[in-house]
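Here the structure comes first, spelled out in structure tokens, and everything after it is commentary.
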Amino acid sequence: AEGAAPSLDPAAYTPLVSPPCRFWADPFLVEDGGRTHLFFEDYRFDQRKGLISWAEVLPDGRLGPTETVLERPYHLSYPHVFEHDGEIFMVPESQEAGRVDLLRAHRFPDQWVHETTL
């Protein structure tokens with residue numbers, strides 16, 4: 001029911017398992033237009049860095065296809081996504097680059113443009 005507390009029973013949840021050559025971490029859920037979007041760090045062992053990927057969480061709890069939505073020459077993680085004044089923004093962790101960037105969704109959820117460096 002809407003507003004009900006989440007279940008504490010692990011059997012009530014669907015585990016999300018990353019492919020063997022990757023490690024998924026730092027999930028961030030966003031509701032938009034009646035859909036649930038999952039943004040997450042997608043650590044690629046072959047590249048030795050994290051990218052930001054996205055998938056839709058389907059009504060039955062499974063993930064739709066995953067897609068890389070943000071990649072830089074440096075490691076990215078913790079894709080903090082939020083809405084402000086009708087636009088959607090992301091502030092990913094980018095400590096390796098030595099700066100914090102604010103990105104705006106050019107086309108949500110898969111196209112992001114650099115808005116400013118904070």
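The values are calculated or read from the model by the stated rules, or taken from the named source; none is laboratory data. Note that the coordinates shown come from a computational prediction; the quantities given were computed from them, not determined experimentally. Because the Cβ atoms are built from the backbone with ideal geometry, glycine has one as well, and the counts that use them run over all protein chains shown. Side chains are part of the model used for accessible areas, which takes the heavy atoms of the whole protein and leaves out ligands, DNA and RNA. Shrake-Rupley method; radii C 1.70, N 1.55, O 1.52, S 1.80 Å.
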Distance (nanometres) between label positions extended 7 Å along Cα→Cβ at R35 and E83: 1.4 nm
Cβ-based net charge around A25, under 13 Å, with every Lys or Arg adding one and every Asp or Glu removing one: -1
3J(HN,Hα) from dihedral phi, segment 67-81, Karplus parametrisation 6.51/-1.76/1.60, rounded to Hz, x for glycine, proline: 9, 6, 10, 7, 9, 10, x, 10, 5, 10, 7, 6, x, 6, 10
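Restrict the search to segment 49-118; then list the trypsin sites (Lys or Arg not before Pro) that DSSP places in a loop and that have at most 13 other Cβ atoms within 10 Å of their Cβ. Intermediate results must be reported in sequence, preceding the final value.
Values: sites: K49, R62, R99, R104, R107; in loops: R62, R99.
Passing both the DSSP loop test and the Cβ count: R62, R99.
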Three principal axis lengths of the chain [C-alpha, angstrom, descending]: 42, 39, 23
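What's the FRET efficiency of R48 with L16 using the Cβ-Cβ distance as r and R₀ = 22 Å, to the nearest 0.05? Walk me through the numbers on the way to the answer.
Values: r = 22 Å, r/R0 = 1.01.
After rounding, the FRET efficiency stands at 0.50.
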Cα shape, segment 8-51, gyration tensor, a/c 1.5 rule: oblate
Global form of segment 33-98, assessed from the alpha-carbon gyration tensor, a/c cut-off 1.5: oblate
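So, for the chain, what is the accessible surface per residue at a probe of 1.4 Å, expressed in square angstrom?
On the way: 7500 Å² over 118 residues.
For the chain, the solvent-accessible area averages 64 Å² per residue.
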The chain, dipole about Cα centre (Lys/Arg Cβ +1, Asp/Glu Cβ -1), debye to the nearest 20: 440 debye
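With a 1.4 Å probe and every protein chain kept in, tell me what percent of the accessible surface of the chain is carbon plus sulfur.
Here carbon and sulfur together make up 55 percent of the probe-accessible area.
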